[in-house]
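The values are calculated or read from the model by the stated rules, or taken from the named source; none is laboratory data. Note that the coordinates shown come from a computational prediction; the quantities given were computed from them, not determined experimentally. Reconstructed Cβ throughout: ideal geometry from the backbone, glycine too, with neighbour counts over all protein chains shown. Side chains are part of the model used for accessible areas, which takes the heavy atoms of the whole protein and leaves out ligands, DNA and RNA. Shrake-Rupley method; radii C 1.70, N 1.55, O 1.52, S 1.80 Å.
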Amino acid sequence: MNGIRRISAHQKTGQSLRRTAKTAALLAAAVLFAGCGDAKERQEKEEAYRQIGINAMDAGNYDEALEAFNNALAQADGIGSNEIDICFYRAAAQFASGSYQDAIETYDILLESDKKNSDAYFLRGCVWLKTNEIKKAQEDYEKAIQYAENDEIYLVIHNSLNGAGYETEAKAYLAEALEKKAGRKAENYTVKGKIYFLQGQYEQAKESLIAAIEKGDAEANLSLAQTYEALGDQKKAAECTDAYVEVNPKSSVAYNQLGKKALREGEYEKAVSLFQEGLALEEVTDEQELRSNLIAAYEYSGDFETAKEMMREYVKDYPNDAAAVREYWFLGKNRDEETDKE
């Protein structure tokens with residue numbers, strides 16, 4: 001059926017029973033361990049295992065991460081928001097390790113707990129996409145759209161499909177988003193603006209993003225700044241960036257702007273610190289620019305070895321940045337020559 005494997009009623013029943021069994025196993029483990037130690041101790045252990053799992057994931061140790069997340073769930077005395085969060089992490093670790101069927105089963109459990117969880121539908125769709133089950137992926141994406149809080153989901157789905165090489169399907173979701181009425185939600189106007197920007201329709205993008213800001217979405221200032229840059233209006237772009245920073249003083253964009261200001265004023269060590277703080281945030285909006293600016297700050301401060309090392313990693317991640325590749329060559333060749341002279 002268009003490349004999708006048919007599943008018999010018997011198989012569906014078996015799968016349902018296995019999912020139910022897995023859910024029951026989680027609950028049984030929670031009840032079993034509920035008698036071991038007081039609630040506070042179990043909660044502390046659960047959080048400790050959760051953090052161990054996250055740290056292991058960051059280090060790429062997915063088996064260790066899975067063990068930690070399973071241990072965390074074993075400490076629970078029920079299935080609440082914390083346990084759901086841990087299940088999401090566990091599914092991410094399973095996906096990252098290539099255990100796609102296990103990841104799907106974890107998302108199945110999450111959806112049995114909450115049949116309107118847009119994130120779980122989207123992420124399970126991504127797993128189906130990874131296994132080339134495009135129809136199943138789109139079925140989950142449609143559910144994700146149905147239960148999503150706003151139209152941002154269209155952009156997320158577009159990026160997922162486009163990155164997997166399904167460009168036609170990806171564009172269809174953008175078209176669907178533009179056909180929808182934005183309604184009262186400011187974020188939906190922001191989404192329309194972002195889509196128009198992607199399509200090179202900058203005037204329409206500007207109109208939608210201005211409407212989003214007027215309706216209360218200050219985050220749209222960042223996209224509007226990019227739109228003004230595309231239109232060649234640098235002054236307006238700077239004003240929008242300033243407006244964004246004013247509302248988000250602890251954002252990566254804010255640290256980037258402050259770091260660039262420190263660079264202009266010759267405070268290089270301060271610039272290094274500000275760029276580092278921006279990159280250390282949980283959510284980094286402009287990572288590439290921050291990393292590039294941090295390298296420049298190290299250069300200006302005279303720390304060429306650190307700049308060279310960071311540039312080596314940068315060009316691996318952004319090989320299409322021709323200027324950075326040339327700079328990497330310059331750092332390597334010229335600094336090595338200076339070392340030889342010494």
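Take Thr227 and tell me if it is at pLDDT 95 or above, in a helix (DSSP H, G or I) and of a type in the set (Val, Ile, Thr).
The answer is yes for Thr227.
Sub-8 Å Cβ pairs linking a first residue in region 146-159 that is within 17 Å of Ala175 (Cβ to Cβ) to a second residue that is open to solvent by less than 30 Å² (accessible area, probe 1.4 Å) and outside any helix (DSSP H, G or I), at least 6 apart or interchain, are Asp151/Ala182, ordered by first then second residue. For region 211-246, residues that are under 19 Å from Leu155 (Cα atoms) and either of a type in the set (S, T, N, Q) or surrounded by fewer than 16 Cβ atoms within 10 Å (Cβ to Cβ) (or both) total 5. For region 288-318, what are the residues that are open to solvent by 60 Å² or more (accessible area, probe 1.4 Å) and either under 21 Å from the mean Cα position of the chain (by Cα) or at positive phi (or both)? Within region 288-318, Gln288, Glu289, Glu313, Lys316, Asp317 meet the criteria.
So which residues in region 268-287 are outside any loop (DSSP other than H, G, I, E, B) and in contact (Cβ under 8 Å) with a residue 24 or more places away in the chain? Within region 268-287, Tyr268, Glu269, Ala271, Val272, Gly278, Leu279, Glu287 meet the criteria.
Quick check: is even one residue across region 252-267 of a type in the set (Lys, Arg), open to solvent by 50 Å² or more (accessible area, probe 1.4 Å), outside any loop (DSSP other than H, G, I, E, B) and farther than 30 Å from Asp303 by Cβ?
No, region 252-267 contains no residue that is of a type in the set (Lys, Arg), open to solvent by 50 Å² or more (accessible area, probe 1.4 Å), outside any loop (DSSP other than H, G, I, E, B) and farther than 30 Å from Asp303 by Cβ.
If you go through region 141-184 and keep only what is over 17 Å from Gln204 (Cα atoms), of a type in the set (Lys, Arg) and either touching a helix residue (DSSP H, G or I) at 6+ places or on another chain (Cβ under 9 Å) or buried (at least 18 other Cβ atoms within 10 Å of the Cβ) (or both), you end up with Lys143, Lys171. Of the residues making up region 74-92, those that are under 18 Å from the mean Cα position of the chain (by Cα) and surrounded by fewer than 19 Cβ atoms within 10 Å (Cβ to Cβ) are Asp85, Phe88.
So for region 171-191 (the condition being in contact with a His (Cβ under 9 Å, 6 or more places away or on another chain) and either in contact (Cβ under 8 Å) with a residue 60 or more places away in the chain or β-branched (Val, Ile, Thr) (or both)), does at least one residue qualify? Checked region 171-191: no residue is in contact with a His (Cβ under 9 Å, 6 or more places away or on another chain) and either in contact (Cβ under 8 Å) with a residue 60 or more places away in the chain or β-branched (Val, Ile, Thr) (or both).
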